[in-house]
Amino acid sequence: MVRALLIRGMLVGLLAGLLVFGFGKVFGEPQVDRAIGFETAIDEVKAKEAKGIPVLQEPELVSREIQATAGLLTGVVVYSIAFGGLFALVFAVADRRVADLGPRATSALLAASGFVAVYVVPILKYPASPPAVGDADTIRERTALYFIMLAMSVGAMIAAALLRRRLATRIGGWDAALIAAGAYLAAMTAAAWILPGVNEVPDGFPAVVLWQFRVASFGMQLLMWTTIGLVFGAVTERAAASGARFPAQGGVRPTLR
Amino acid sequence: MSDTIFLPTVSAQPIPVRQVLPWAIFSVVAVLAIYFVGAEEGATSLFHGMYVHEFLHDGRHLLGFPCH
């Protein structure tokens, strides 16, 4: 049963990854190219100012063309399959344990929670940044801060889900969910307030490119989580209705959902 | 009460945790995959060189990871 869920999760992740690649290719890549154009222009100006000193050309290990096609596809698809698999495992634990709403609603809520915890809240503090934004000398600090924020966000979301379950029997589902959501937001607001900020946008970097890059990044993540949440739920419900996936639990689940 | 009908409003039991645990190893694989997409040859390196970083460059930026 878990095996079937895991395989389903990874297949849905693959589907999501292909959609996200298409979206990223159309809306994200132009912004990456513009940012690299800015970076190159800055480097040229610097080279002119420092006449006589040879420009340190970075060796191009992978061409831009490969980066923007095979590289983007690989990165996005591997990422999506991995999250599809993780999603399925969390679903296997959470379904009928943390929430009992039927596979479609549980899957959709789980994906919404994942989107908020894994992407939305961390990037509100440490937003996605195009090339040329970010000092190479601070990559260690920035990576550490980003993953600390990510870990705290995911941890707080899990804690909130458990809190909701505890409260639900006493004060009802709606109030329990509101209190849990409030607790998550309060914890993450405190974390964002305590953690140091990062501002390494170079002078003169076009604001429009930064904005559009971040909107494209947001869109890619929204597309991935929506696809995983909705498709996984639909397929799981269909499998459950046919009784194929839950024979050990007595077969038929109510289909009135 | 001849018209009493059975309404299955209570769902089946959750999947027992001991059935999920053996598959948890896949979460390690998944996290490792996400690490490779997001951070390898950036802040930390398992391999020498920059090939992984350069190949996955665009996805890393667009997925929201700090890249360089």
Taking a label point 7 Å from the Cα of residue A:135 along Cα-to-Cβ, the residues of region B:30-68 whose backbone nitrogen sits under 16 Å from it are B:67-68
Below 8 Å between Cα atoms, with a sequence gap of 6+, how large is the relative contact order for region A:135-200 in percent? 36 percent
Packing-based ranking, highest mean first, of A:97-103, A:14-20, B:16-22 given that Cβ atoms within 10 Å are counted: A:14-20, A:97-103, B:16-22
Quick one: putting +1 on the C-beta of Lys and Arg, -1 on the C-beta of Asp and Glu, what dipole do you get for region A:1-148 around its Cα centre, in Debye to the nearest 20? 680 debye
At 222 nm, what helix-only mean residue ellipticity would the protein assembly as shown give, in deg cm²/dmol to the nearest 500, using -39500 (n - 2.57) for each DSSP H run of four or more? -21000 deg cm²/dmol
Is there a quick way to get the dipole size of the protein assembly as shown? I mean about its Cα centre, with the Cβ of Lys and Arg at +1 and of Asp and Glu at -1; what is the value in debye to the nearest 20? 1640 debye
For region A:119-138 and region A:186-210, what is the separation of their C-alpha centers, rounded to whole Å? 7 Å
If you stretched the chain out fully between residue A:199 and residue A:42, how much longer would it get, using 0.36 nm times the residue separation minus the C-alpha to C-alpha distance? 54.7 nm
Placing +1 on the Cβ of each Lys and Arg and -1 on the Cβ of each Asp and Glu in chain A, which of A:179, A:118, A:150 has its Cα farthest towards the positive end of the resulting dipole? A:179
Taking 0.36 nm per residue of sequence separation and subtracting the Cα-Cα distance, how much length would be gained by fully extending the chain between residue A:189 and residue A:124, in nm to one decimal? 22.4 nm
Just to check I understand the Karplus step: with θ = phi - 60° and J = 6.51 cos²θ - 1.76 cosθ + 1.60, what whole-Hz values come out for region A:100-114, glycine and proline as x? 10, 10, x, x, 5, 5, 4, 5, 5, 5, 5, 5, 4, 5, x
Using +1 at the Cβ of each Lys and Arg and -1 at the Cβ of each Asp and Glu in region A:163-218, identify which of A:217, A:168, A:189 lies farthest towards the dipole's positive end. A:168
Can you tell me the dipole magnitude for region A:135-200 around its Cα centre, using point charges on the Cβ only (Lys, Arg +1; Asp, Glu -1), in Debye to the nearest 20? 540 debye
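Only the coordinates and a few stated rules stand behind these numbers; no lab work does. Given the structure is predicted, the values throughout are model-derived calculations rather than measurements. Positions of Cβ are generated from backbone atoms using ideal geometry, with glycine treated the same way; all protein chains shown enter the neighbour counts.
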